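Since the structure comes first, as structure tokens, the remarks are kept for the end.
The values are calculated or read from the model by the stated rules, or taken from the named source; none is laboratory data. Bear in mind the structure is a predicted one, so any value in this text is a computation, not a measurement. Here the Cβ positions follow ideal geometry from the backbone for every residue, glycine too, while neighbour counts run over all protein chains shown.
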Amino acid sequence: MLVRLDGADTALLHALDAPHAGAVRTGMRVRVRWADRREGAITDIACFEPYDGPVTHEAVPHDGSFPDPVTSLAAPARLEYTYTAGRAQTRYLDGLARREVLGERCPSCRKVYVPPRGACPTCGVATTEPAAPGPRGTVTTFCVVNIKAKGLDIDVPYVYAHIALDGADLALHARIGGIPYDQVRMGMRVEPVWTGDGRHPDHYRPTGEPDADYDTYRRLL
Amino acid sequence: MTPPRDVAVVAYARTDHQGPAEGLSEAETLLPVLHEVLDRAGLAPGEADFTCSGSSDYLAGRPFSFTLTLDAVGAWPPIAESHVEMDGAWALYEAWVKILTGRADTALVYAHGKPSAGDPRDVLTRTLDPYYLAPLWPEPASLAALQARALADAGHTAGPDPAADPLAGPPAVADGAAAVVLAAGDAARRMCGRPAWIRGADHRVEPHALGLRDLTDSPSTRLAAERAGAFRAPVDTAELHVPFAAQDVVLRRALRLDDTVTVNPSGAAAGPLMVAGLIRLGEAAARIHRGASDRALAHATSGPCLQHNLVAVLEGDA
Ligand SMILES: [Zn+2]
């Protein structure tokens, strides 16, 4: 309901405690029911309730200063969502559950995107054709991480790399393991390592193959 | 004011979901609509001079959710692109202004909404005043019911709006997407047999607090219509965005629509959140494209109880 407090010129939105809609009419008198606990928020008014009494209050001038001004208020909010991964991402996630990294091919420019997002950003068309790049790939570029991430159980320094899976036209990124951090290099051949019940590769490790030639991956840098 | 350039809606497409878009991401819902509208205009993905979209992170439940749809428009190499956290009708307004400035001749405008991801009754309370309204979580139907009551009390309607009854259970939630192509002058004539020229467009907003407003009237709609030139000549068609049925009478009075005007010939006046307003503009334009209207008014609204209103006037060549 909207309620115009005695002495006010505009209305306030709040709840009215009434047994049913028939017990409410425009113009009826109501009064504030205060909340048990008050903290300086609109919810300090628990609700309004019907009131039969006369007008007892006139607005009086106020200089706008208060002995205990409210300087902030907390209004907690929680919203719940159901995420729809969509056609492309669902296929990718289903593949991960089988320990496969799947991509999708653009029907127009033939590029293979992994992970797939459902459309080719160059052609603006759906990438409906499934593709299975890898599982091996080439480190196209990398960095050495020296700052320990909160909640991440990995010793620093470690290497985070862009990896072009064989047959993919987009590099994905992952941690490199199984080799000292200062021996990782561009062109190094790597393969995924799946551990425990992880739903994606824990890291990539060297395959031992000779390094890839720069020209084979430079367009993916 | 007469716009400094002739700009028209030359193509329009939309989804026709009646409910949730099961199993589809927002980008996947949007993609067929984009293809349809670009085909109609004869544009390749990424070819429009400017791209502008409307959608809401709060409905999607993730930040920068609109970026997920950019793949679908062919955004690489980079395009000139913008986004409004509003109904797509306001994206159309931004694109129209962009073309008026002369910085673009063509624009792709699209909107998408997947309110089925969450509960819009809760989500929409987050758009309200954070101090006095949001902590009370008043759902849209409750606020619309206040307006319906005010209209009934004032004698504008026979009784309360049954659709604006929060006790009636969760409302039907539709997901969807829509898109239009705008073009200036000769480009518009090349792309469309009968372009829907935008003769004027404007949007205005009511005071934020519901208690400051006369809920039986919509001065913002009236002012936007005036500024868009709607009252300079009669319209034969009006596409009104009416989230709750009782609001129809408010808009008809503010826009001075009489019985000679065909109102909402396209059907449902509500529609997917963030998309419904752009659909009204698109449907009015489509009616001009096929010769069923010569001068049409399109309206979009946003916020509780018709808070923010956009009016555009579209005309076809004789
Ligand atoms: Zn492509």
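For the reader, a short list of remarks on this structure follows.
- Filter result for A:Gly53 (within 12 Å of chain B (Cβ to nearest Cβ) and more than 16 Å from the ligand (Cβ to nearest atom)): no
- Given (1) away from the ligand (no atom under 13 Å from the Cβ); (2) free of Cβ contacts under 8 Å to residues at least 60 places away in the same chain; (3) surrounded by fewer than 20 Cβ atoms within 10 Å (Cβ to Cβ), index of the condition A:Arg99 fails: (2)
- Test: residue in region A:203-213 that is under 30 Å from B:Ala75 (Cα atoms), without any contact (Cβ under 8 Å) to a residue 60 or more places away in the chain, away from the ligand (no atom under 16 Å from the Cβ) and not basic (Lys, Arg): no
- Residue selected from region B:7-34 under the condition under 21 Å from the mean Cα position of the chain (by Cα) and part of a loop (DSSP other than H, G, I, E, B), by the criterion modelled with the highest pLDDT: B:Thr15
- Answer from B:Leu223, B:Leu278 - the residue that is closer than 25 Å to B:Val84 by Cα and in contact (Cβ under 8 Å) with a residue 40 or more places away in the chain: B:Leu278
- The selection criterion, being in a strand (DSSP E or B) and not aromatic (Phe, Trp, Tyr), does not hold for B:Val37.
- Of the residues making up region A:11-45, just one is within 9 Å of another protein chain (Cβ to nearest Cβ), in contact with a Pro (Cβ under 9 Å, 6 or more places away or on another chain) and surrounded by fewer than 14 Cβ atoms within 10 Å (Cβ to Cβ), namely A:Ala21.
- Filtering region B:116-131 to residues that are of a type in the set (Lys, Arg) and at the interface with chain A (Cβ under 7 Å from one of its Cβ atoms) leaves only B:Arg126.
- Which numbered condition A:Ala88 fails, given (1) in contact with a Pro (Cβ under 7 Å, 6 or more places away or on another chain); (2) more than 16 Å from the ligand (Cβ to nearest atom): (2)
- Count of region A:112-157 residues, restricted to those that are in a strand (DSSP E or B), more than 11 Å from every other protein chain (Cβ to nearest Cβ) and under 30 Å from B:Glu47 (Cα atoms), is 4.
- Every pair of residues 6+ apart whose Cβ atoms lie under 6 Å, when the first sits in region A:68-85 and is closer than 13 Å to B:Tyr58 by Cβ and within 9 Å of chain B (Cβ to nearest Cβ) while the second is small (Gly, Ala, Ser) and assigned to a loop (DSSP other than H, G, I, E, B): A:Leu79/B:Gly118; A:Tyr81/B:Gly61; A:Tyr81/B:Gly118
- The residue that is surrounded by the most Cβ atoms within 10 Å (Cβ to Cβ), among those in region B:78-115 that are in contact (Cβ under 8 Å) with a residue 24 or more places away in the chain and within 14 Å of chain A (Cβ to nearest Cβ), is B:His112.
- Filter pass, A:Cys109 being in contact (Cβ under 8 Å) with a residue 12 or more places away in the chain, surrounded by fewer than 16 Cβ atoms within 10 Å (Cβ to Cβ) and either within 13 Å of the ligand (Cβ to nearest atom) or within 14 Å of another protein chain (Cβ to nearest Cβ) (or both): yes
- A:His162 satisfies every condition listed in (1) part of a strand (DSSP E or B); (2) within 16 Å of the ligand (Cβ to nearest atom) except (2).
- Residue match in region B:27-36 (condition: of a type outside the set (Asp, Glu) and away from chain A (no Cβ under 13 Å)): no
- Within region B:182-230, if we keep just the residues that are within 14 Å of chain A (Cβ to nearest Cβ) and touching a Lys or Arg at 6+ places or on another chain (Cβ under 8 Å), the residue that is farthest from B:Ala44 (Cα to Cα) turns out to be B:Gly211.
- Odd one out for B:Thr301 among (1) in a strand (DSSP E or B); (2) closer than 30 Å to B:Gly185 by Cβ: (2)
- Matching residues in region B:219-237 - criterion: being under 20 Å from B:Glu206 (Cβ atoms) and surrounded by 19 or more Cβ atoms within 10 Å (Cβ to Cβ): B:Ser220, B:Thr221, B:Arg222, B:Ala224, B:Ala225, B:Ala228, B:Ala230
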